[in-house]
Amino acid sequence: MTGTVLQRHLLPVLEFLCTEWLDLESLLSRPRFADHSSQSCRDLLSTASDIAAATFEPANRVSDLAEPFIDPDGAVVLPPETHAAWDAYTTLGLSSATHDAERGGMQLPRMVDAAAQVIFGASGGNLVPAMLAEANASLILAHGTEAQKRVFAEPELAGRWAGTMAMSESQAGSSLSDITTKAVPDGEDHADDPLGPRFRVRGAKMWISAAEHELTENIIHLVLAKIPGPDGAVDPSARGISLFIVPKIVVDAEGVLLERNDVTLVGLNHKLGNRGIPNTVLEFGDGTQTPGGRPGAVGYLVGEAGDGLRQMFHMMNAARTAIGLGAGAVGLAGYALSLDYAKQRHQGRRRTVSGKDATAPQEPILEHADVRRMLLAQKAYSEGAVALALYAAKLLDEQQTGNDEEARSAAQLLEILTPIVKSWPSEWCLESNSLAIQVMGGAGYTREYLAEQYWRDQRLNMIHEGTHGIQALDLLGRKVRIDDGALLTRLGLELSATSRRAAAAGMTSEAAALDDAWTALRETTTAAWSTGDPGEALANATPYLQGFGHVVMAWIHLDLAVAAAASSHAQAAGRSAAMRYFFAYELPKVGAWLAVAARREPLCRDVEPSAF
């Protein structure tokens, strides 16, 4: 196999996950995917790997060291290598890969597209804002008018335009009901604008990724804002939030670029990692520009007023899955790097009962048990994370192309797994990248190697698109309680099916351990809510999330091991080793996490501020 060390590591893992585990062949038999075959999908991933090796890998460190900056004309400058990576990516057509052919897409299974995103994410996920543009376009396709789809979404899918998600404000991060950005109708002459009800948007947005750059000719901002009533007051709750399409450059009904919108770059935020993507502070409607001779940024209402937060969750949920996928990809990159280092680096000699022979040649550090422990942990964390995210992508395919029962089941599983898909990879692949540094020792934390950059890039994923605490509140406060626990029950059916198959394949102890862990999780869920007091139940939501995530990952690893037992694929032996590691070293941690949630431990809720 040709390619870099990283690409040689990635492709076999993805091939096993897609073909041997997730049964790509069966998925491709559905009418929507008629133009694709297993071979064409393999060819696509191989091409993606070649492009990633040629453009993304060389640009990865450059984009980290040459951070975006604002030139004297106010433009954000990115290195030429980033432009080359963007051009190569969009030429491949992945911006629109999963979308309808009539929109310029390939109708590629989301699972295959997700596998391609692993390749690019591992090779240089800090380079291009492709994920945001695709999610932005998908939201418009789901909730916009036909004109909005044609004028705004289709150029994004073609890679000509980019997109952002403009939600957060300096005083309102996760608390979106507290946003102060406002939108007022743009006069009677624009009430029937062909692109939708036209408004003027005013307010500041913070932490907006890829909101200013020269990679594309236009950038489409999806902005949350509130529409004042006749008295000038706004609804203080989330019910008052509406969603607006606000282009960087105003366009006409045919998408022709007209004039700069009143969207001003205030400054750049300088991040720990993911430095290649500009992170911005934006001001909408500060009067720097006055399109049409009026103050305020031109924006078009999406759907109905007051429905903005629900609509935005379409993009947020996609972004949360993408964060989990990207976290797994960066974890895999660190694992591949440290594994190659462990094979090449010679240090120490084998110990025997008679002592150590100082005259014997040094051994590769891969021979040391503790190094193998750290590598097994990385393998279990990163490959397990990617497997979970690809499974979520296949659920999206099932939701779109399955029969009514398959689609309903997939929707239920996606609903309950989304907090885990986002949080578990971002937490444990950070640990994976930390272990990569540890395996490499002094080399690991020097900038001559990429391990330290991987850790910095990874650290952001625990915060992006909702912190652990937000995901935990969503899971324990809402998801497990929907329809009297219907989603939890549905997930339990999947775990039980895997347990039965594992037992039949001879993995009886692991099957029993999974059953016991699931029983403990169900009992903890009941115990946490036994008093009916949300304050008591949710005080330990994050440990509950961690325990839940580890149970889910034990299920994923056991299911992978069952598939490996029936496979002759080169990855099969490694799948069994990763599963055994997870059950021996990781699953036992679940009890401690669940215990504090089950007894509704009051410490963190009741401790006095003076204690700090």
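Readers should treat all values here as calculations from the given coordinates under stated rules, not as data from a laboratory. The structure displayed is predicted, hence computed values, not measured ones. Don't worry about glycine lacking a Cβ; one is built from the backbone with ideal geometry, like all the others, and counts go over all protein chains shown.
Quick look at the numbers
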read-out: Tilt relative to the chain, helix 541-565 - C-alpha long axis, 0 to 90 degrees, to 10; value: 60
read-out: Acute angle (nearest 10 degrees) that the helix 80-92 long axis makes with the longest principal axis of the chain, alpha-carbon atoms; value: 90
read-out: Neighbour count of at most 15 Cβ within 10 Å plus DSSP loop: longest GluC sites (Glu not before Pro)-free window in the chain; value: 1-213
read-out: Label of the coordinate-derived value, percent of Cα pairs over 48 Å apart, listed as (i) 30; (ii) 13; (iii) 39; value: (ii)
read-out: Restricting the range 418-470 to trypsin sites (Lys or Arg not before Pro) in coil, as DSSP defines it, with at most 13 other Cβ within 10 Å; value: ARG447
read-out: Mean separation of Cα contacts under 8 Å, 6 or more apart, over the residue count of the range 202-270: relative contact order %; value: 26
read-out: Residues of type lysines that LYS343 reaches as a straight line, Cα spacing below 17 Å, ignoring anything fewer than 8 places off in the same chain; value: LYS379
read-out: Degrees between helix 508-528 axis and first principal axis of the chain (Cα, 0 to 90, nearest 10); value: 40
read-out: Prolate/oblate/rounded label for the range 129-306 (Cα gyration tensor, a/c 1.5); value: rounded
read-out: Whole-Å distance, taken between Cα centres, linking the range 287-308 and the range 204-225; value: 14
read-out: Per-residue [θ]222 nm for the chain (sum of -39500 (n - 2.57) over DSSP H runs n ≥ 4, rounded to 500); value: -16500 deg cm²/dmol
read-out: Relative contact order %, the chain, counting alpha carbon pairs below 8 Å whose residues are six or more apart; value: 12
read-out: Residue among MET111, HIS550, MET206 farthest towards the positive dipole end of the chain, charges placed on Cβ; value: HIS550
